[in-house]
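Enquirer: A single structure is presented below for examination.
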Amino acid sequence: MPLPAYHPLMPPSAALLDQLAAVTGPAGVVRDAADQAPYLKEWRDRYTGMAALVLRPNTTAQVSEILRLCNAARVGVVPQGGNTGLVGGQIPFESGTEIVLSTTRLNRIRSVDRSGGSLIAEAGATLAAVQNTASDAGLLFPLSMASEGSCTIGGNLATNAGGIAVVAYGTARRQVLGLEVVLADGRVIDGLTALEKDNTGYDLKDLMIGSEGTLGVITAAALRLVPRPVETATAFVSCPSMDALSKVFTETKARAGTLLTAFEFMSARAVEFAAQHVKTARVPLPLGSPVYALIELSAPVAGMAQPMLESLLSEASDTERVSGAVIAATGTQSAELWRLREQMSEIQKFEGGSIKHDIALPISEIPRFLTDAEAIVARVCPGARPVPFGHFGDGNIHYNVSQPPGMDRQVYLALWDPMSRAVHDLVDARGGSISAEHGIGRMKRDELRRLKSPAELDLMRGIKAAFDPNGILNPGKLL
Ligand code: FAD
């Protein structure tokens, strides 16, 4: 059954806008167009919207009252955290009739339970603030990504974010013990339990995680903390082929087990771009290898990670699966290696337009996928340059494709939909997913409709209708 097209809801009346402004008080209201601009435009410049009002509540009670009023008046609400999302989910549509609800003032750490290994953070706390609080308590909050200084824990959970340590610790979902959520009609679900076990029916918390602001507004989360590793060893390696890299991953995973905390891969072109454009770190191996990896092991006791990494790489070198390797001798060197990896996405700006795909595949399929995708991309745009990199250990590839040198940027970007459709068809045929960690938002909504089964779409629509019967929460996103 086809899904209905997106229609804007009701424009808010002047009286409603005054009522909403009164809920937060002047400190939580952004009316001026220039002040609203940062909330209306996304990081990659792909979407720019308009809002009737931007509100910045700083208590759960204020969020509840805002939703109650908007639900009664059938006015759309777009939840927003740090505005680092990459699929346009946090940006209102161009109609100017929606309210942006920013959580950035709802940012307290409510409590830390060191002995129980958990903390409660409000949704607008940045990921870095949560990591730092855990670290101050001698523990680790293992979610980690390049946007961690700006993205919020609410946004991380709403998108079920991934990042660089998923291979060891899992996605955002696995870090959650409980949630406090405000429903579309303003009712508050207080699920801030720190219980490891709770089998009392459907898991509403797990439905909320990854729902991209379409089922409720997350206002706080009880998060699991884990022991902080005592020793970390980081290596940058080159491999003669994707198959060789894949074997290095399999061997490392088998031998290091839970000590393996990151296995990131970078194509030759991605590393060439880094060598040209990253000013703050140098590529430590010669250019020209077909593929590179960044490998990190972390251990609970000293003297374990470094010798194990050395032994693994020495064996991989003997069997010619690794052609070159450097192991960071200091924390500074390790940070420099990570800087190369973290800037992979940003540096593509220097090479003109980039068409991006955040995909997941069974790990064994990745080498064949990369070969076949290159041919598919060349058919859509001869001369386009694939720049794949990503979280190999999770089967998550950022299959970004830079424009041919000299081509007009806008002409190239006009090929976004045909290129994405062709790449996604291949992903689908290989048993993969068209969104590994960024979500669906506005960008992939049509692709979700095209590729998800009708039965799954029907269930999703039923869930949406149960949580948000008037469709006021992030209308036109995801579904
Ligand atoms: P926003 O962008 O503000 O919102 C994202 C979505 O969540 C929207 O649909 C919004 O409506 C919804 N939302 C936000 N807050 C709430 C709330 N409290 N309740 C309900 N819904 C809410 N992502 C990864 O997964 N892994 C990476 O490695 C990674 N690296 C990145 C690197 C860079 C440089 C950048 C710019 C982004 C990266 N991202 C990555 C994407 C992004 O940082 C994540 O999706 C992040 O989780 C979004 O958090 P945010 O607070 O910025 O959310």
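Enquirer: Give me the residue from the stretch 429-452 that is open to solvent by 40 Å² or more (accessible area, probe 1.4 Å) and without any contact (Cβ under 8 Å) to a residue 40 or more places away in the chain and, out of that set, farthest from the ligand (Cβ to nearest atom).
Expert: Selected residue: Ala429.
Enquirer: Given (1) closer than 27 Å to Lys356 by Cα; (2) at pLDDT below 95, identify the lone condition not met by Pro8.
Expert: Failing condition for Pro8: (1).
A quick yes/no check of all residues on (1) in a helix (DSSP H, G or I); (2) at pLDDT below 95; (3) more than 30 Å from Arg174 (Cβ to Cβ):
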site	(1), (2), (3)
Asp417	yes, no, yes
Ala436	no, no, no
Gly439	no, no, no
Arg442	no, no, no
Arg450	yes, no, no
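Enquirer: Follow-up. For the stretch 379-397, give me each residue that is within 16 Å of the ligand (Cβ to nearest atom) and either in contact with a helix residue (DSSP H, G or I) (Cβ under 9 Å, 6 or more places away or on another chain) or β-branched (Val, Ile, Thr) (or both).
Expert: Val387, Pro388, Phe389, His391, Phe392, Gly393, Asp394, Gly395, Asn396, Ile397
Enquirer: Look through the stretch 123-181, keep the residues that are part of a helix (DSSP H, G or I) and charged (D, E, K, R), and return whichever of them is farthest from the ligand (Cβ to nearest atom).
Expert: Looking at the filtered set, the residue picked out is Asp136.
Enquirer: Listed residues Thr252, Thr232, Thr258; which is touching a residue at least 24 places away in the same chain (Cβ under 8 Å) and within 23 Å of the chain's Cα centre (by Cα)? Steps first, answer last, please.
Expert: Details: Thr252 fails: within 23 Å of the chain's Cα centre (by Cα); Thr232 fails: within 23 Å of the chain's Cα centre (by Cα).
On inspection, the qualifying residue turns out to be Thr258.
Quick grid of which residues meet (1) open to solvent by less than 50 Å² (accessible area, probe 1.4 Å); (2) within 28 Å of Gly138 (Cβ to Cβ); (3) within 12 Å of the ligand (Cβ to nearest atom); (4) within 16 Å of the chain's Cα centre (by Cα):
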| position | (1), (2), (3), (4) |
| --- | --- |
| Ala73 | yes, no, no, no |
| Val77 | yes, no, yes, no |
| Asn83 | yes, no, yes, yes |
| Val87 | yes, no, yes, yes |
| Ile91 | yes, no, yes, yes |
| Thr97 | yes, no, no, no |
| Arg108 | no, yes, no, no |
| Ser111 | no, yes, no, no |
| Arg114 | no, yes, no, no |
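Enquirer: Pick from Leu297, Leu287, Leu312: which is in contact with a strand residue (DSSP E or B) (Cβ under 7 Å, 6 or more places away or on another chain) and either surrounded by 14 or more Cβ atoms within 10 Å (Cβ to Cβ) or without any contact (Cβ under 8 Å) to a residue 60 or more places away in the chain (or both)?
Expert: When all the criteria are applied, what remains is Leu297.
The values are calculated or read from the model by the stated rules, or taken from the named source; none is laboratory data. The shown structure was predicted, so the numbers you read here are calculated from the model rather than taken from an experiment. In this analysis, Cβ positions are derived from the backbone assuming ideal geometry, glycine residues included, and neighbour counts consider all displayed protein chains. Ligands, DNA and RNA are stripped out before the accessible areas are found, and what is left, the full protein with its side chains, is counted by its heavy atoms. Shrake-Rupley method; radii C 1.70, N 1.55, O 1.52, S 1.80 Å.
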